[in-house]
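Working notes, beginning with the structure itself.
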Amino acid sequence: MSYTLTTPLYYANDRAHLGSTYTTLACDAIARHQRLRGERVTFITGCDEHGQKIQRTAEAAGLTPQAHCDAVSERYRQLWSRWQISNDRFIRTTDPRHRQLVEQFFARVEAAGDVVEGRQQGWYCVACEEFKDDPHEAQDPECPIHRRPLEWRDEVNLFFRLSRYQRQLEELIRRPGFIAPASRRREVENFVAQGLRDFSISRVDLPWGIPVPGHPGHTFYVWFDALLGYLTALFDPAEPVRLERLQERGWPAQLHVIGKDILRFHAVYWPAMLLSAGLPLPERVFGHGFLTREGQKMGKSLGNVLDPEVLLERCGRDAVRWYLLRDIPFGDDGDFQQQRFTDLVNSDLANTIGNLLNRTSSMARRWFAAAVPPAGAGAADSHPLALAASHTAAAVGEALENLDFRVAAEAILQLAGTANAYLNDQAPWKAMKQPGRETAVAADLYAVLEASRWVAVLLAPLLPELSDRMLRQLGQTPFDSSAHTGQQTGAWLAAQRWGVLASAAALPEPEPVMQRLELDAPL
RNA sequence: GGCUCGGUAGCUCAGCUGGUUAGAGCGUGGGAUUCAUAACCCCAAGGUCGGGAGUUCAAGUCUCCCCCGAGCCA
């Protein structure tokens with residue numbers, strides 16, 4: 001089976017912010033989970049590089065649009081690489097192959113009779129790249145979102161006949177699971193119910209875009225071009241772009257993850273475009289929420305923007321991933337609070353999970369020749385920790401399928417908590433002082449080591465690096481869920497069996513797998 | 001202006017089709033312990049469930065109005 005998922009193609013107007021990082025981290029966890037399950041994954045991200053806004057930003061910086069995009073997209077690429085994002089593809093809409101794809105796609109849409117000319121007059125926001133509904137006679141109207149003056153436009157554009165797809169889209173949107181979370185569905189339903197209007201797919205006098213074949217002077221509207229980037233990305237960079245081959249390359253996508261602000265484009269315009277071109281539709285569009293910081297919207301004017309590069313530098317990947325995935329319900333809006341961030345990272349990762357492994361490993365080494373103790377009763381499937389582990393695995397699997405990272409994380413945490421409590425109940429440090437209890441202690445420690453191993457295994461999609469360190473400390477081979485080299489062997493599922501640790505196998509000297517986070521200054 | 005989604009302990013959230021003293025984790029306070037990253041384990045305090053009215057034997061849970069936040073459409 002293959003599993004294709006995408007982040008949005010981020011607009012190359014400016015560098016990455018926390019929101020795009022959040023989206024990308026979540027997708028990374030999904031991609032890794034699917035690889036670990038044995039799926040052939042194509043995880044797509046990239047940059048959307050056309051449009052008037054970029055052209056103007058480049059001009060203002062004294063650069064050509066291409067040079068500007070080269071710089072911005074390179075910065076994205078490097079950022080994702082530093083976050084160890086496991087994307088298989090990074091597509092840029094200025095890639096020459098993308099132009100081929102757009103041309104092929106447009107030819108289909110045009111052949112379907114879905115392209116018509118129309119005159120468009122109105123006030124236009126360059127930042128939104130959209131016409132606004134302000135009345136024609138308005139004096140100096142402003143964009144309510146960007147607080148910038150609107151520009152008067154009067155042009156003949158090409159329109160996509162969205163209105164023809166009214167019925168089909170209504171049906172699609174009703175389909176359970178297409179729009180997720182379900183709470184966002186109503187909004188789109190209402191929008192469609194108002195009656196779909198054709199939308200323009202070209203601009204005139206905008207050189208920074210892909211020329212529309214057969215329509216001199218027109219370039220494609222940036223959204224039309226950008227969405228198609230998901231398709232271009234599926235082709236191997238070395239192979240020619242051929243729309244007929246799309247389905248062999250992993251289309252349709254199982255999942256588009258986006259911010260809730262662009263839900264309409266993905267749940268309405270995009271499916272209609274695909275229908276017109278005779279291509280299958282993505283299975284699911286997931287619109288997640290936005291992040292605020294300490295209760296306030298992040299913005300340049302407030303000067304409270306949290307820079308993902310700074311965050312990475314000062315806190316590390318595991319900590320940030322954990323906080324964002326474990327504390328913010330995926331789909332809802334969330335608030336980044338520094339105190340809570342450090343509290344959770346320290347409590348969950350360092351104290352509960354890290355210390356569990358550390359204390360157990362240290363006892364095992366001390367009393368059982370630096371090795372995994374004889375398993376005895378600890379290897380039994382009926383051991384309380386074995387039962388807990390298998391419940392946890394089921395819960396984690398289900399939660400991850402539902403993209404509910406928070407529930408998955410909590411389940412893992414609970415397993416670690418159960419194991420910690422078990423240790424306190426059994427108190428091996430006391431038992432070891434009594435003669436004849438050595439076998440029982442060995443079994444207890446074995447079981448707790450196994451539980452720790454399960455914690456590490458289940459953590460692999462969410463926190464690949466911490467999982468890695470834990471498994472090494474247990475003398476196990478870590479999982480490879482990265483792009484391209486990801487194992488896809490089912491090793492991860494096979495590791496979800498009680499009793500994998502071999503008694504007498506050497507245990508490396510323990511060192512803390514997770515440092516506590518001490519932030520002396522605000523981020 | 002119309003619509004959507006939220007408003008439950010200091011913080012983040014659970015509470016299905018209405019039904020015993022409203023739950024969890026973090027944080028706070030206390031206890032116990034020493035294997036461990038001053039960690040782990042146990043216990044406790046903390047809520048008039050945004051406000052008001054209504055339906056009902058019974059409402060955080062249903063209806064209406066209002067307030068606040070986020071968003072969609074005008």
* Asked: In the range A:93-143, what GluC sites (Glu not before Pro) fall in a loop by DSSP, with at most 15 other Cβ atoms inside 10 Å?
  -> A:GLU137
* Structure fact -> Amide H neighbours of A:LEU150 at under 5 Å, excluding residues fewer than 5 places away on the same chain, with H built from the backbone geometry, are A:GLU142, A:CYS143
* Asked: Rounded to the nearest 5, what % of the DSSP beta bridges within chain A are antiparallel ones?
  -> 50 percent
* Roughly how tilted is helix A:384-401, in degrees to the nearest 10 and between 0 and 90, from the longest Cα axis of chain A? -> 0 degrees
* **Degrees, to the nearest 10: A:317-327 long Cα axis against longest axis of chain A** => 80 degrees
* **Span from the the range A:408-443 Cα centroid across to the the range A:351-407 one, whole angstrom** => 10 Å
* Could you name the aspartates and glutamates whose alpha carbon sits less than 19 Å from that of A:LYS433, not counting residues in the same chain fewer than 8 places away? => A:ASP425, A:ASP444
* When only Cα pairs under 8 Å and 6 or more residues apart are kept, what is the percent relative contact order across the range A:144-291? -> 25 percent
* Between A:LEU291 and residues 5 or more places away or on another chain, which pairs have amide H atoms under 5 Å apart, with H built 1.01 Å from N, and which residues are they? -> A:GLY334
* Charge dipole of chain A about the Cα centre (unit charges at C-beta), most positive-ward option of A:THR45, A:ALA364, A:LEU150 -> A:ALA364
* With the contact rule set at Cα under 8 Å and sequence spacing of 6 or more, what percent relative contact order holds for chain A? -> 17 percent
* To the nearest Å, what is the center-to-center distance of the range A:124-191 and the range A:1-71, using C-alpha atoms only? -> 22 Å
* the range A:440-499 - accessible surface per residue (Å², probe 1.4 Å) -> 30 Å²
* Partner lysines for A:LYS132 [C-alpha distance under 29 Å; skip if fewer than 8 residues away on the same chain] -> A:LYS53, A:LYS260, A:LYS297, A:LYS300
* To do: Once you have a ≥ b ≥ c as the square roots of the Cα gyration tensor eigenvalues for the range A:433-472, tell me rounded if a/c is under 1.5, and otherwise prolate or oblate according to whether a/b is larger than b/c.
  => prolate
* Asked: Rounded, prolate or oblate: which one fits chain A, using the alpha carbon gyration tensor with axes a ≥ b ≥ c (rounded when a/c is under 1.5, else prolate when a/b beats b/c, else oblate)?
  -> prolate
* Structure fact -> Among A:GLN84, A:ALA380, A:GLN194, the residue whose Cα sits farthest towards the positive end of the charge dipole of chain A, when +1 is placed on the Cβ of each Lys and Arg and -1 on the Cβ of each Asp and Glu, is A:ALA380
* Can you tell me the accessible area per residue over the range A:88-155, all protein chains present, probe 1.4 angstrom, in square angstrom? -> 54 Å²
* Asked: Under a 5 Å amide H to amide H cut-off, with H placed in plane at 1.01 Å, what residues pair with A:TYR221 once short-range neighbours are removed?
  -> A:SER202, A:ARG203
* Rounded if a/c is under 1.5, else prolate if a/b beats b/c, else oblate: with a ≥ b ≥ c from the C-alpha gyration tensor eigenvalues square-rooted, which is the range A:142-240? -> oblate
* Asked: Once the Cα atoms of helix A:18-36 and of chain A are each reduced to a long axis, what angle between those two axes, in degrees from 0 to 90 to the nearest 10, is obtained?
  -> 60 degrees
* Asked: Can you give the accessible area per residue of the range A:223-303, in Å², using a 1.4 Å probe?
  -> 36 Å²
* Loop-exposed trypsin sites (Lys or Arg not before Pro) per DSSP, neighbour cap 12 Cβ within 10 angstrom, longest uninterrupted part of chain A -> A:1-146
* **Accessible-area composition of chain A, carbon plus sulfur, in percent [1.4 Å probe]** => 48 percent
* Structure fact -> Toy charge model, Lys and Arg Cβ at +1, Asp and Glu Cβ at -1: chain A dipole around Cα centroid in debye, rounded to 20, equals 1120 debye
* **Expected 222 nm ellipticity per residue - DSSP helices of 4 or more, -39500 (n - 2.57), all of chain A, to 500** => -13000 deg cm²/dmol
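The values are calculated or read from the model by the stated rules, or taken from the named source; none is laboratory data. Just so it is clear, the model here is predicted, and its values are computed rather than measured. Every residue, glycine among them, receives a Cβ derived from its backbone with ideal geometry; neighbour counts consider all protein chains shown. Just so you know, the surface numbers come from the protein's heavy atoms only, side chains and all, with ligands and any DNA or RNA stripped out. Shrake-Rupley method; radii C 1.70, N 1.55, O 1.52, S 1.80 Å.
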